[in-house]
Amino acid sequence: MATLIHTLADHSDDINYCAFSPSCLATCSLDKTIRVYSLNDFTELPYSPLKGHTYAVHCCCFSPSGHVLASCSTDGTTVVWDASDGRRLAVLEQPSGSPVRVCRFSPDAAYLVSGAADGTVVLWNIRSLKLYRSGNVKDGSLVACAFSPNGNFFVTGSSCGDLTIWDDKMRCLHNEKAHDLGVTCCDISSQPISDGEHGFRYFQMASCGQDNQIKLWLLLVADFSGVELKRKCTLNGHSAPVLACAFSYDGQLLGSGSVDKCVIIHEMSTGNTLQTLTQHTRYVTTCAFAPCRPLLATGSMDKTVNIWQFDLKQPCAGTTVENESKLAVEAWSEDDVSAWLCAQDLADFVGLFKTNNIDGKELLNLTKESLTNELKIESLGLRSKVLQKLEDLRMKMGSVSAAVPEEFLCPITRELMKDPVIAADGYSYEKEAMENWISTNRRSSPMTNLPLPSLLLTPNRTLKMAIGRWLETEQK
């Protein structure tokens with residue numbers, strides 16, 4: 001499934017972190033530098049390596065557009081760089097002066113979080129490059145951080161084993177003891193999932209720790225009910241502390257790296273191990289999936305970064321040509337638009353479209369004039385290419401007028417259900433799909449991966465009637 005296509009060996013010490021933008025890969029190291037590579041041919045960019053930190057660089061991350069890069073270090077600073085030319089834009093000093101272990105941009109690039117060894121967490125305003133809010137965890141060093149896709153909250157992980165949920169005003173919403181020996185990394189999938197019953201949209205989160213485990217969580221933050229965090233399942237594939245985890249762009253895969261020198265690719269729909277990669281010769285410290293290409297980067301204390309390519313038909317598996325007729329383009333999120341751009345060989349526009357908040361509705365309204373005047377695409381050839389792809393998309397849409405309601409889609413097939421049944425996990429599925437699931441000796445829920453207490457399937461007549469009424473309305 002994954003094939004090693006390139007190895008980067010330019011750092012002179014342990015690799016601590018790697019991060020993708022739509023067009024680049026950044027890596028950082030104990031050697032105090034950050035290196036940046038083009039994804040076209042994995043050559044190092046002319047301005048690389050970036051130098052400026054006086055001690056080891058622990059983490060690096062791109063803004064969603066890929067225009068800005070941040071890095072943080074034992075020297076107690078988080079540095080903001082221009083990703084186009086490597087200019088240093090700002091040096092943000094942690095108020096306590098403590099070593100900074102992790103940094104993350106918010107999805108709208110308005111804020112940057114930095115977490116330090118003394119437990120302090122700072123939210124920086126990127127426009128002013130000033131401190132916006134700060135807080136601290138009750139115990140331990142901050143070593144992990146992940147934003148929700150909507151930017152309404154972020155999660156931090158500490159060396160004492162806690163996961164802490166913060167809102168965008170830096171208020172602590174929830175604290176959970178997750179890993180007895182300490183959290184090492186966490187990530188939140190960009191693709192929310194539905195509970196299929198109440199219409200809630202949960203965020204799927206993974207955390208890993210010194211206890212050799214990866215834990216999957218379902219997280220809901222709602223104004224009326226506060227925070228709900230429940231453990232979905234535990235993945236036990238590694239034989240030593242797990243140091244890194246990352247979701248693929250479409251949320252279907254989870255990569256993890258460990259002290260056991262292995263990288264494991266997990267399938268999220270089943271929790272199964274798809275592949276174990278054993279090419280690194282020392283601890284695997286980091287892994288990252290590219291946002292719009294079938295690429296995985298893994299870094300290690302062996303001073304190398306391996307680039308893996310997945311054998312996928314689409315660069316992004318979020319929205320494909322096959323389901324454009326089933327899901328109205330007007331209902332696409334910004335992430336769906338990004339997936340479409342990648343599938344059309346337009347990945348270089350992902351950052352531009354995200355910066356301008358182009359969702360499905362905005363995408364269909366794009367014209368030659370808006371591409372020129374609003375998105376500032378000056379090249380006539382590039383404008384023509386985008387317009388041609390848009391025309392092809394509109395033709396494929398046919399006469400579809402509205403998106404199929406999420407609760408009418410089978411969680412297994414993602415098709416409109418004809419004969420919905422309720423399984424023992426409380427979720428509704430297409431009868432044939434669930435029967436096939438069970439017949440392949442699967443005794444776990446497709447949605448939670450927890451054991452099914454019963455294999456009984458009960459017809460969901462209420463849902464079937466609702467689907468029938470919806471179809472009648474659509475046919476009028």
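Quick notes on this one:
- Extension reserve of the LEU274-GLU93 stretch, reckoned as 0.36 nm per residue once the Cα distance is removed: 61.0 nm
- Using distinct alpha-carbon pairs, which all enter the 1/r mean, Kirkwood radius of segment 89-200 in Å: 14.4
- Look at the dipole of the chain built from charges on Cβ: of PRO99, TYR283, ALA246, the Cα furthest out on the positive end belongs to PRO99.
- Solvent accessible area, Å² - LYS376, 1.4 Å probe, full protein context: 140
- For ARG101, the residues whose modelled amide H falls within less than 5 Å of its own, excluding neighbours fewer than 5 places apart on the same chain, are GLY115, ALA116, ALA117.
- Look at the alpha carbon pairs under 8 Å that are at least 6 residues apart: their mean separation over the length of the chain gives a relative contact order of 10 percent.
- Residues in segment 292-304 carry Karplus couplings, in order, of 9, 9, x, 10, 10, 10, 10, x, 8, 6, 7, 6, 10 Hz; the curve used is 6.51 cos²θ - 1.76 cosθ + 1.60 with θ = phi - 60°, and Gly or Pro positions show x.
- Placing a label point 7 Å from the Cα of THR355 along the Cα-to-Cβ line, the residues of segment 59-77 whose backbone N sits under 14 Å from it are 63-69.
- Residues of segment 1-27 with amide N under 14 Å of the 7 Å Cα→Cβ point at ARG282: 9-17
- Summarising the label geometry, the points placed 7 Å from Cα in the beta-carbon direction at TYR47 and THR234 lie 4.6 nm from one another.
- Once the Cα-Cα distance is subtracted from the 0.36 nm per residue extended length, the GLU415 to ARG469 segment shows a gain of 17.7 nm.
- Value of Rg to Rh for segment 406-475 (Rh from inverse mean 1/r over Cα pairs, i.e. Kirkwood): 1.00
- Carbon plus sulfur fraction of accessible area for segment 2-310, probe 1.4 Å, in percent: 46
- The listed peptides 184-193, 450-459, ordered by packing as a protection proxy, come out as 184-193, 450-459 (highest mean of other Cβ atoms within 10 Å first).
- Gained length - LYS177 relative to LYS376, 0.36 nm times residue gap less alpha-carbon distance: 66.8 nm
- Separation of the alpha carbons by more than 30 angstrom is noted, of LYS232/LYS418; LYS389/LYS464; LYS138/LYS230, for LYS389/LYS464.
- Of the solvent-accessible surface of segment 406-475, computed with a 1.4 Å probe and all protein chains present, 53% belongs to carbon and sulfur.
- The calculated FRET efficiency for LYS389 paired with THR440, based on their beta-carbon distance and R0 = 41 Å, is about 0.60.
- Under Stokes-Einstein, with the Kirkwood radius over Cα pairs as Rh, the value for segment 133-270 at 10 °C and 1.306 mPa s is 106 µm²/s.
- Seen from every direction in turn and averaged, the convex hull around the alpha carbons of segment 329-398 projects onto 4.1 nm².
- For the chain: accessible area per residue (Å², 1.4 Å): 44
- Equivalent ellipsoid dimensions for segment 1-75 as semi-axes, Å, which come from the Cα gyration tensor, largest first: 20, 15, 11
- As a ratio to 2.2 N^0.38 Å, the alpha-carbon radius of gyration for the chain is 0.98.
- When only Cα pairs below 8 angstrom with a gap of at least 6 residues are kept, segment 133-269 shows a relative contact order of 16 percent.
- Bridge orientation summary for segment 1-135: considering DSSP beta bridges with both residues in this region, about 100 percent are antiparallel.
- As a rough guide to protection, the peptides 168-180, 95-107 ranked by mean Cβ packing within 10 Å, highest first, stand as 95-107, 168-180.
- Residues listed by number, segment 101-115, amide nitrogen under 18 Å from MET170 label point at 7 Å toward C-beta: 101-107, 109-115
The values are calculated or read from the model by the stated rules, or taken from the named source; none is laboratory data. Please read all numbers here as calculations on a predicted model, not as lab measurements. Using ideal geometry, Cβ is built from the backbone for each residue, glycine included, and neighbour counts are taken over all protein chains shown. SASA here: full protein model, heavy atoms, side chains in, ligands and nucleic acids out. Shrake-Rupley method; radii C 1.70, N 1.55, O 1.52, S 1.80 Å.
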